[in-house]
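The values are calculated or read from the model by the stated rules, or taken from the named source; none is laboratory data. Keep in mind that what you see is a predicted model, and the values were worked out from it rather than measured. Reconstructed Cβ throughout: ideal geometry from the backbone, glycine too, with neighbour counts over all protein chains shown.
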Protein chains: 2
Amino acid sequence: MQQSRFGFSEVSKRTPESPISYFMQQAVENQDIISLAAGLVDTGSLPVQEISSALNDILGDPTKAREALQYGTTQGHLPLREKIAKHLASLDKSSTTFSPKDIVVTTGSQQLLYILSEVLIDEGDIVITEAPSYFVYQAVLAGRGAEVVSIPMDEEGMQIHALEERLKQIEAAGNLPRIKIIYTVDYYQNPSGRTLSLARRKELMALMNRWSNRLRAVIVEDAAYRELRFDGPDIPSLKSMDPENKFVVYAGTFSKPCSPGLKSGYALMPTELVRPILIIKANHDFGSSNLTQHTVDRLLENGDYQKHVLELQEVYGKKSRVMLEALESNFAAYPEVTWTKPTGGMFVWLKLPEHISTGLQSEFLKAAMSEGVLYVPGIFAYRGAGPLPDSEMRITYGDASVDRIREGIHRLKKAYLRVKDTKPAPARTASSPKPALV
Amino acid sequence: MQQSRFGFSEVSKRTPESPISYFMQQAVENQDIISLAAGLVDTGSLPVQEISSALNDILGDPTKAREALQYGTTQGHLPLREKIAKHLASLDKSSTTFSPKDIVVTTGSQQLLYILSEVLIDEGDIVITEAPSYFVYQAVLAGRGAEVVSIPMDEEGMQIHALEERLKQIEAAGNLPRIKIIYTVDYYQNPSGRTLSLARRKELMALMNRWSNRLRAVIVEDAAYRELRFDGPDIPSLKSMDPENKFVVYAGTFSKPCSPGLKSGYALMPTELVRPILIIKANHDFGSSNLTQHTVDRLLENGDYQKHVLELQEVYGKKSRVMLEALESNFAAYPEVTWTKPTGGMFVWLKLPEHISTGLQSEFLKAAMSEGVLYVPGIFAYRGAGPLPDSEMRITYGDASVDRIREGIHRLKKAYLRVKDTKPAPARTASSPKPALV
């Protein structure tokens, strides 16, 4: 941009291009490549009839139709917020009640992540994330100039004792007030597929209570994949463990469990965050598409949403089993290759031996492209100063057919065999996706 | 917010609450009050059948349906961008061709204004606007920490010689590189109803060419009301006078000429701005609702959009005549009260004598509320250091019925009669809407 006639802002200069845009583009443009990269949802099961029927109900009623096609409020359609409040309570199977006044409807949950970050983060503020963490949110944080502190995960999710150690270090350095957000994708995480266990949830909330006098941070519980549970226990939300509505912003979406084309999401948050969020959202768009809000409202009302989620649990359960079986049969002979076993959502996290880079310039990516399979390099999910893990990758069974999942994993193995005996590459010291994508 | 457990960002602290949110809420909640304030569109003419039919076409075709309900690209549905390019060329009746590659589809044109401002403006940068100017964009600029330089308008719109004088002053102070945006709502301006004349357009583009070696600013041509022309000449866009696509970002919307509930807008911009805009937009939402984009695409394809615009021109033409006649008959005896006479769009700008404040704390607003009529205080449309005009107001015939327009203007007169002989209030020195709205 140095040659530009225009002077770009610091936000613009700091924000890296999302690798996902690139991979989605690749997947759309080249049908021969099997994309296990793009986070598209399963196309075949999109609720065409249900949405069509909801829209006919709305547009067939002159009063409802005109309401849906007019401007709505910035906070979102009240009947929808009421239904979301009930829906969340039912997911938690608890007696907790949530207030529609604490809910904001957004243009997908991504918009909530963006606006909340605008509202809380100044340059140099600290955000705590899991390692690995969601790529696109990492890019948002880079744009805001946030310092990212990442906490290691294991099979139970974020390690809360490690989190507390970091809090102590940050406090000792006098920087505790700079911590603004603790971000967790706590169900079937994007990118790793892991879930924060019930025990860890309790530990995290106990920590928040212990630190509440001096820690100003809010927990962002990104529950985008929560409803796509096909196995394992039905774990209550962090939000349900926050009875005074003090600590947790719960970010939900209708993209994953219903349709991304509606681009409708929502968040349930501590009351005092609502107004600052709405002031910024009014400047973004005065409120998300009213027609798609009414559509989701109708789907929740007539029960088609709830039925569809059950169907999706079957669909993704089956596809995950296909992918895990294919990984088992292709990589059983190579125990140095490991992967996570999700019980919901759309993602598997695959680790190659440490000397094999999966990055954009890597031999392995070249081999994979040449075999005709795409993944998301794991390095995008890490940020920080030290050498970053560079031999991992996110793969998804979201949109690929079962045949293409099987073939895609087979191609991954062929790519692996091409490079597995290469010598170790020099260590990477920081992720810098931008130049590589230009 | 001082008592908050959370630490809010500078962006949050700087951003004032939009007065429009407040007035929309009032209008929605109290049906007895006649709102000439809220910028809603005419409800009765919303294209219910056309949108219903477009959605049935899309959702009745399994391939199209699944495409519309899946994720799309961040830049927007390519067939829609192609149609927008053609549509804009047809509006200008010129041989100019526009490229879909330079078009980004957004969540209403408001989102474009927001993202472009993020991409270009750092705290302390300068944005040049008309005086008065669009309220909500003023709030966006406050959030970015921009310094707003406002240029007086007359019946031909922004005074270009005054703009050039200010450029010279800013250059003399060494601040020319800080000017990032020249913002104009150049058709039937929100809030004043005025249009930038053809002569002034030519002057502005000549100025841009003259200054192009040293001025880095982009013109933002906010053409939200352009297609709602019911009288006066059909004036070409600034964009059409920018054959090398160097100077002008054209921001358009389907909210005003079609349906706000779709929340679909677009911008045509210099090529080098596209990528920075998309990088930020990817972090906001990865792309606006795909379903509403497909809906607009279908309406442009089958011609229903174009037919509907012709119908709306009739509707708003009639309502504007009703409002102007009501103003004439109610205020003919009070020549100290003046107003603009729009030839398109939805707004009239009314001026009371200078000693009568129309602000949120004013006697006049209290009188108007007590008579049962709402307007938007003019002071929200001004920013700057000196005493700001405080006796003006925006009124709209957008959504009110003709009977309510007549009654609303009559109530405005009654409010005026209540306060017209009060003594002058002390001069206001700055607009500070936020505390007043709390």
- Note on the structure: Filtering the range A:175-188 down to residues that are within 24 Å of A:Lys246 (Cβ to Cβ), of a type outside the set (A, V, I, L, M) and part of a loop (DSSP other than H, G, I, E, B) yields A:Asn175, A:Asp186, A:Tyr187
- Task: Answer with yes or no whether B:Leu46 is within 23 Å of B:Lys307 (Cα to Cα) and surrounded by 20 or more Cβ atoms within 10 Å (Cβ to Cβ).
- Result: yes
- In the set B:Ser320, B:Ser362, the lone residue that is of a type in the set (S, T, N, Q) and within 19 Å of the chain's Cα centre (by Cα) is B:Ser320
- Can you spot a residue in the range B:272-282 that is closer than 20 Å to B:Lys101 by Cα, buried (at least 24 other Cβ atoms within 10 Å of the Cβ) and either assigned by TED's automatic domain parsing to the domain that holds B:Leu40 or not aliphatic (A, V, I, L, M) (or both)? yes
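Given A:Val315, A:Val337, A:Val296, which one is hydrophobic (A, V, I, L, M, F, W, C), within 21 Å of the chain's Cα centre (by Cα) and under 30 Å from A:Asp154 (Cα atoms)?
On the way: A:Val337 fails: within 21 Å of the chain's Cα centre (by Cα); A:Val296 fails: under 30 Å from A:Asp154 (Cα atoms).
Going through A:Val315, A:Val337, A:Val296 in turn, the sole match is A:Val315.
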- Message: All but one of (1) more than 14 Å from chain B (Cβ to nearest Cβ); (2) in a helix (DSSP H, G or I); (3) surrounded by fewer than 19 Cβ atoms within 10 Å (Cβ to Cβ) hold for A:Asp32; state the number of the condition that does not hold.
- Response: (2)
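To keep it simple, each residue is scored yes or no on (1) within 18 Å of A:Arg383 (Cα to Cα); (2) in contact (Cβ under 8 Å) with a residue 12 or more places away in the chain; (3) buried (at least 21 other Cβ atoms within 10 Å of the Cβ).
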| residue | (1), (2), (3) |
| --- | --- |
| A:Pro100 | no, yes, no |
| A:Gln110 | no, yes, yes |
| A:Ile115 | no, yes, yes |
| A:Gly124 | yes, yes, no |
| A:Ser133 | yes, yes, yes |
| A:Tyr137 | yes, yes, yes |
| A:Gly143 | yes, yes, yes |
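Give B:Met241, B:Met208 a once-over and let me know the one that is surrounded by fewer than 24 Cβ atoms within 10 Å (Cβ to Cβ) and within 13 Å of chain A (Cβ to nearest Cβ). Break it down stepwise before answering.
Working: B:Met241 fails: within 13 Å of chain A (Cβ to nearest Cβ).
Answer to the selection: B:Met208.
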- Task: Report whether or not B:Ala37 is closer than 19 Å to B:Lys263 by Cα and of a type in the set (A, V, I, L, M).
- Result: no
- Task: Sort through B:Ala326, B:Ala332 and tell me the only one that's buried (at least 19 other Cβ atoms within 10 Å of the Cβ), modelled with pLDDT of 95 or more and small (Gly, Ala, Ser).
- Result: B:Ala326
- Failed criterion for A:Ala332 (all others in (1) more than 24 Å from A:Thr107 (Cα to Cα); (2) in contact with a strand residue (DSSP E or B) (Cβ under 9 Å, 6 or more places away or on another chain); (3) among the hydrophobic types (A, V, I, L, M, F, W, C) hold): (2)
- Message: When you check A:Ile379 against the structure, is it in a loop (DSSP other than H, G, I, E, B) and in contact with a Ser or Thr (Cβ under 8 Å, 6 or more places away or on another chain), yes or no?
- Response: no
- Task: Could you check how many residues of the range A:224-248 are of a type outside the set (Lys, Arg) and farther than 19 Å from A:Val315 by Cβ?
- Result: 13
- Task: Please find, among B:Ala385, B:Ala400, the residue that is outside any helix (DSSP H, G or I), crowded, with 24+ Cβ neighbours inside 10 Å and either at pLDDT below 95 or under 23 Å from the mean Cα position of the chain (by Cα) (or both).
- Result: B:Ala400
- Message: When you scan the range A:155-167, do you find a residue that is hydrophobic (A, V, I, L, M, F, W, C), surrounded by 16 or more Cβ atoms within 10 Å (Cβ to Cβ) and more than 28 Å from A:Pro377 (Cα to Cα), even just one?
- Response: yes
